[in-house]
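These notes are about the structure you will find just below.
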Amino acid sequence: MENQSPNRLRPFFENIAFEREDNRMVINMGPQHPSAHGQLRLILELDGEMITKAVPCVGYMHRGMEKMAENMIYNEFLPTTDRMDYVAASSTNYGFALAVEKLLDIQAPRRAEVIRTMLLELNRLTSHLLWLATHALDVGAMTIFLYAFREREYILDLIEDYCGARLTHSAVRIGGVPLDLPEGWTAKLAAFCEKFPSDIDDYEGLLTKNRIWKMRLEGVGVVTPEQAKSWGCTGVILRGSGVEWDIRKEEPYALYEELDFDVPVAKEGDSYARYLVYMEEMRQSTRMLKQLIRLYQESEPGIMAHAPRYLSAPKEQIMTQNYALMQHFVLVTQGMRPPKGEVYVATESPKGELGFYINSQGDPYPYRLKVRAPSFFHCAFYQEWMVGLYLADVVTILGNSNIILGEIDR
Amino acid sequence: MAQHQVEYLNSGGLPIALTSVDKLVQWGRSNSVWALSYGLACCAIEMMAAGGSRYDFDRFGTIFRASPRHSDVMIIAGTLTKKHAEFTRRLYDQMAEPKWVISMGSCANTGGMFNTYSTVQGVDRIIPVDIYLPGCAPRPETLQYALMLLQKKIRRQGANRKQALKRLV
Amino acid sequence: MRRYQDKHNVQKQAYYTDRFNVQPSLPRFEVTEDSLFNATLLHVKGLVDVLEAYVEAGQLVVWVAPKANVSALKAFKTAGYENLSEMSAVDFIAQKGGFEVFYQLLSMEKHERARVKCFVPQGETLHSVTEVYKSANWSEREMYDMFGILLENHPYMKRLLMPDDWQGHPLLKTYPLQGDEAAQWYEIDTIFGKEYREVVGPENRDPARVDARNTVDFSRIGHEVESGAPYSATPTAQEYQEKGGIAVVSKITKEKAKTLKERP
């Protein structure tokens, strides 16, 4: 490759040479895909149909969120976390809120924890349904896309009833949740949980024993446990390879200690095993939601933590009492000042281990906020994962690895 | 206050003469607006939902196409970053006339909440836009309304119009 | 008198600080005999020179010299920390003259998390740890891209998130949030060339700028007019189709629309 400086006539990407002596072809799967994964650019080197080298180029959705965090107060940054993993927005909100709560050493009240866990599991369902829809669409089973989006609309209806937004919720705040569940919401959720397992049966009936699906997915993209641990893969990729690590069970947060659920683990490590793990996780989420409805009815009202130094008072007090109003004013305009120190808190988002590292120097703005996005490491893993596969398998892997470019690039 | 319908057949008071051939051709074009699926970020999920079964896009005649050569309208859904801007311009240039652009969501309209170093502050710095959709993310119904507005706009244009010079080449 | 802008840190600062305020710190605990981390710390101390070690927020934090980062991580790997969750840097150039690089580790068998930190003075290079943990491959590329910390012996040291010809390292404290001049004109320069800067005009970075009389760029809700037409006070009806409807397509008007109570 000649080492020219790029100009307008020959920008960077046209400097990739296409004539090579060893007869390998370089293909650019550019930033605009027909599949729905976002702006990922994959430069593949092919020997016939087999991939010899795969270089993912990301950064096409880098919006500078970590720098934004250094310029915003903690509460102001929370809606930005929605846009990171935008299919499961409340999970990212919750990860950030939990990290800040760890820094401040406050604990959200019981009912807030119940509502948060409900939101987390609903977001797990939306994320897995979107994964299934886009993965099936890429591999070729287009009906599943329409079916899964139909189910997803029911879940988005529930979330919209609760917090008003379908996609970017900001429904979890630092210290609790801002709103209590509306009337009749638990009844609708119960009706949904009754109906949903039969829909999962529908999808499984269409895909699990399907010969074409099995041929496309079995044996494709095998991940060994050592590879997964070394490359930082977490979530379903790790559990599909036999490693039993789920942060909800191992380092429990929210109400996962009290809930009764299983974590599916598969041995083979290929795409089909991961598909089965995802389907089973959806069933477990429905099981958890049913238990949470009962826990909600037994909990006492109280949705924000009481920490006047860091959090505002409830609205009724702000509107009637003077000191609450003054404190709220200061917290909103200047921002709360957490203690100096650094924390790293990891939660199990639907995609894997989502971690937030916050380094605070006592200012109202975080000094450094780093987001450990699970899709980042799964995308880095493509460099080793895709070598030796065929071109059609690349599409399977892209779908199966469940990446969201909003997280990767932040 | 009297309500009035905006007469789209008038342009600032002067009527545009549309022949019946024009009207027929533009009626055909408006009812089969093929969209380039240019889903970049969160708005892409809402665009996919708009194409799903509840807010069906197919009943408007809109099919999502992968290639810019086949599509009439480019729905820019999501944040455009400076790294990606060049590709957007390339894709726009590859689309065949007549072409329209719908800018969906705050990030595509003006850069949105991302007032940072790497976000293009509005996709109309790069390509000329016909319809701007506010929202973050706009509901699928909003995207449907934008599509219907675009259909109205298409019907009032002449069939043979040259690409009207807009702010950018 | 112009406003004082601290050139070392152009990020947003709190406009009011209580003069006598001393922010408390998160408590740091010694690693004692009966601590969970004791075994790990003893193992690591035997293999590498530890400058400081404490427990903060339930996780072990170990400070080492920057030249010893690879050996420290190898020591932790033999102690059972087989997962590098994350690594990055924190910019302390103005305060201390360098970066604090941290490696966040996880041990799945012991259910422990630890952090290895080292202080890298500005201008010095750091040895890459990709031979110990492969997940550092992209994390280090991102660290280079965002901070400019050079790494030795990395398989593919290239910018990751920013374009390849970007000038500057964005996450430094001296880099403004909205970008410097090269950043603000980047897309116009690459697509159209520098001559088009005057044609397109500067970016609008003011989120509150609204010009109500401008009907080309803005549209008054409820009183929409054609682009360029004069600003009107009469409200406009929001209809989906032209008056009279369109041929063959079914006609919809606001009167015919039904409001549903429950979503089907």
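Descriptive notes on the structure:
- Of C:150, C:106, C:161, the one that fluctuates the most in a GNM where chain C has Cα springs shorter than 10 Å: C:161
- For the range A:159-171, Karplus couplings with θ = phi - 60° (6.51, -1.76, 1.60), whole Hz, Gly/Pro x: 5, 5, 4, 6, 10, x, 10, 7, 10, 10, 6, 6, 8
- Sorted into 5 angstrom bins from 0, the C-alpha pair distances of the range C:28-163 split as 2, 11, 21, 24, 19, 13, 8, 3, 1, 0, 0 percent.
- Förster-model FRET efficiency, 51 Å R0, residue C:67 and residue A:333, C-beta, rounded to 0.05: 0.65
- 222 nm mean residue ellipticity, helices alone, for chain C (DSSP H n ≥ 4; -39,500 (n - 2.57); rounded to 500): -5000 deg cm²/dmol
- Applied to the range C:189-199, the Karplus parametrisation 6.51 cos²θ - 1.76 cosθ + 1.60 on θ = phi - 60° returns per-residue 3J(HN,Hα) values of 5, 6, 7, 9, x, 5, 5, 7, 4, 6, 5 Hz, with x for Gly and Pro.
- Between the alpha-carbon centres of the range A:82-103 and the range C:127-179 there is a gap of 25 Å.
- Taking a straight Cα-Cα cut-off under 17 Å and skipping sequence neighbours fewer than 8 places away in the same chain, the lysines within cross-link reach of residue C:117 are A:340, A:370, C:45, C:67, C:74, C:77, C:96.
- Expected 222 nm ellipticity per residue - DSSP helices of 4 or more, -39500 (n - 2.57), all of chain A, to 500: -15000 deg cm²/dmol
- A Förster radius of 25 Å, combined with the Cβ-Cβ distance separating residue A:291 from residue C:262, puts the computed FRET efficiency at roughly 0.40.
- Angle in degrees between helix A:322-333 and the longest Cα principal axis of chain A, rounded to the nearest 10: 20 degrees
- Sparse-neighbourhood loop sites, GluC sites (Glu not before Pro) in the range A:190-276 - DSSP loop, at most 12 other Cβ within 10 angstrom: A:244, A:257
- For the protein assembly as shown, the residue among C:188, C:154, A:299 whose Cα projects farthest onto the positive side of the dipole built from Cβ charges is C:188.
- Between the range A:215-246 and the range A:269-304, the Cα center-to-center distance that results, in Å: 22 Å
- In loop segments of the range C:79-185 as defined by DSSP, the trypsin sites (Lys or Arg not before Pro) with at most 14 further C-beta atoms inside 10 Å of their C-beta are C:158.
- Directionally averaged shadow of chain A, computed from the convex hull of its alpha-carbon atoms, nm²: 22.2 nm²
- Percent of beta bridges antiparallel (DSSP, the range B:33-155, rounded to nearest 5): 5 percent
- In summary, the lysines within cross-link reach of residue C:254, defined as a Cα separation below 24 angstrom excluding same-chain residues under 8 places away, comprise B:152, B:153, C:243.
- Residue with peak Gaussian network fluctuation, chain C [Cα springs, cutoff 10 Å], from C:116, C:101, C:216: C:216
- Distance between the C-alpha centres of the range C:224-239 and the range C:1-40: 54 Å, rounded to the whole angstrom.
- Against the rule of thumb 2.2 N^0.38 Å, how large the Cα Rg of the protein assembly as shown comes out: 0.96
- Counting DSSP beta bridges with both ends in the protein assembly as shown, the antiparallel % (nearest 5): 70 percent
- Every Cα-Cα pair of chain C was included, and the share exceeding 31 Å stands at 55 percent.
- Hits among aspartates and glutamates - C-alpha to C-alpha of residue A:209 under 14 Å, sequence gap 8 or more where chains match: A:201, A:218
All of the numbers you see were taken from the coordinates with simple rules; none came from a lab. These figures come from a predicted structure and were not determined experimentally. Note: ideal-geometry Cβ built from the backbone for every residue, glycine included; neighbour counts use all protein chains shown.
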